[in-house]
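See below for the structure under consideration.
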Amino acid sequence: MARVAKLFTGVELPLVGLGTWKSKAGEVENAVKSALECGYTHIDCAAAYGNESEVGKGLKDVLGTKVKREDLFITSKLWNTMHAPEDVKPACQKSLKDLGLDYVDLYLMHWPYGFANVGEMFPKNPDGTVMYSDVPFLETWAAMEKLVDEGLCKHIGVSNFNSKQIDELCQKGRIKPAVVQVEIHPYFNQSRLINFCQERGIVMTAYSPLGSPDRPWVKSGDVVLMEDPVLKTIGEKYNKSPAQVALRFNVQRSVVVIPKSVTPSRIAQNKELFDFTLTDEEMKTIEGLQREDTGRVCVPAVEVDGKRVPRDKSHKYFPFDEPF
């Protein structure tokens, strides 16, 4: 079984990377060092995570001594406040400075919609709602294409886009997306979007591949993927954890996974996915865990009349109203 996915440029993207979303200050530097020391070569970052400078410290401690830069694949992401074309390059340069790098291997547009650039990561109107911008994502994309031209990033892609938005980029952009990163796990398997992208030579990356049990808005009583009896039973057969089974499910579909952890033993365990293969029947059984209405858990939301509703649903580029 291959351990990499090939981008349309021929560059290899490791199927397992270290995610850094929700990694707390004081923890992510050591997590990066632990990951690189146990054989990871793929680190997923983002300006919005607020920890790229600490990731950079972890990279600095290892680069040049134990690992060569050209052997790593580092991803960062453009945040919503920086969608105006004139803001894209400074945003990328800020991430590069924080990471201590001359280039990133992949730069993603974090969301298809933008926020107003007024000096805050989550700008608010007087009534408390988000202050949006209406910059078309195609204009943002054109500015990202220039980053490739200038060597600040090797590839560009998107996160949290739907199939229609991805198709628009493919049809109208000069450089097609190399990677699409979205929420994917056994309760939300995204099979239609995966097929759509793979047919177009676009690699899929799964964020929250373990169902994001530590998401900030988790409620008591929410279903926990890692407690699913199907994953536990299959794991017992192979002497693997439910997490390893969930991750193997995706890499066996050639989907990249970026589980987040700051625990060295768990970081090492999350990459031990290539010494077993799920049967076709087991793959179908896991596909059957799909929860159409409740599977997606990573949607920014606000509380209205006691109910959580999508925060950004009113924006014309909100991606989650399409079937996939």
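The values are calculated or read from the model by the stated rules, or taken from the named source; none is laboratory data. This structure is a prediction, so every number in the text was calculated from the model and none was measured. Cβ sites come from the backbone with ideal geometry, for glycine too, and all protein chains shown count toward neighbours. Each accessible area value is taken on the protein alone, full model and side chains, heavy atoms only, with ligands, DNA and RNA left out. Shrake-Rupley method; radii C 1.70, N 1.55, O 1.52, S 1.80 Å.
At-a-glance table
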item	result
Matching residues in the stretch 80-95 - criterion: being in contact with a helix residue (DSSP H, G or I) (Cβ under 9 Å, 6 or more places away or on another chain) and not charged (D, E, K, R)	ASN80, THR81, MET82, HIS83, ALA84, PRO85, VAL88, PRO90, ALA91, CYS92, SER95
Extreme residue, nearest to VAL67 (Cα to Cα), among residues of the stretch 83-129 that are touching a residue at least 40 places away in the same chain (Cβ under 8 Å), small (Gly, Ala, Ser) and part of a loop (DSSP other than H, G, I, E, B)	GLY100
Hits in the stretch 13-33 (condition: outside any loop (DSSP other than H, G, I, E, B), open to solvent by 30 Å² or more (accessible area, probe 1.4 Å) and in contact (Cβ under 8 Å) with a residue 60 or more places away in the chain)	ASN30
All positions within the stretch 229-259 that are open to solvent by less than 10 Å² (accessible area, probe 1.4 Å) and either more than 20 Å from the chain's Cα centre (by Cα) or more than 28 Å from GLY157 (Cβ to Cβ) (or both)	LEU231, GLY235
Top-ranked residue of the stretch 226-259 - restricted to ones that are in a loop (DSSP other than H, G, I, E, B) and of a type in the set (Val, Ile, Thr), ranked as farthest from ILE74 (Cα to Cα)	VAL255
Within the stretch 21-44, considering residues that are more than 21 Å from SER254 (Cα to Cα) and within 15 Å of the chain's Cα centre (by Cα), the one modelled with the highest pLDDT	TRP21
Options VAL262, VAL223, VAL218: the member that is crowded, with 20+ Cβ neighbours inside 10 Å, modelled with pLDDT under 95 and either assigned to a loop (DSSP other than H, G, I, E, B) or in contact with a helix residue (DSSP H, G or I) (Cβ under 8 Å, 6 or more places away or on another chain) (or both)	VAL262
Yes/no for PRO177 being within 22 Å of TYR107 (Cα to Cα) and at pLDDT 95 or above	yes
Selection within the stretch 189-213 - open to solvent by 20 Å² or more (accessible area, probe 1.4 Å) and either farther than 21 Å from HIS42 by Cβ or part of a strand (DSSP E or B) (or both)	SER191, ARG192, ASN195, PHE196, GLU199, ARG200, TYR207, PRO213
Residues of the stretch 87-100 that turn out to be open to solvent by less than 20 Å² (accessible area, probe 1.4 Å) and of a type outside the set (Gly, Ala, Ser), as a count	4
Selection count, the stretch 68-86, where residues are surrounded by fewer than 22 Cβ atoms within 10 Å (Cβ to Cβ) and farther than 19 Å from LYS154 by Cα	2
Conditions (1) over 18 Å from the mean Cα position of the chain (by Cα); (2) crowded, with 21+ Cβ neighbours inside 10 Å: number failed by LEU108	(1)
Selection status of SER314, surrounded by fewer than 18 Cβ atoms within 10 Å (Cβ to Cβ), outside any loop (DSSP other than H, G, I, E, B) and among the small types (Gly, Ala, Ser)	no
Residues of the stretch 131-161 classified as part of a loop (DSSP other than H, G, I, E, B) and open to solvent by less than 10 Å² (accessible area, probe 1.4 Å), total	2
For CYS170: the one exception among (1) assigned to a helix (DSSP H, G or I); (2) in contact with a helix residue (DSSP H, G or I) (Cβ under 6 Å, 6 or more places away or on another chain); (3) open to solvent by 10 Å² or more (accessible area, probe 1.4 Å)	(2)
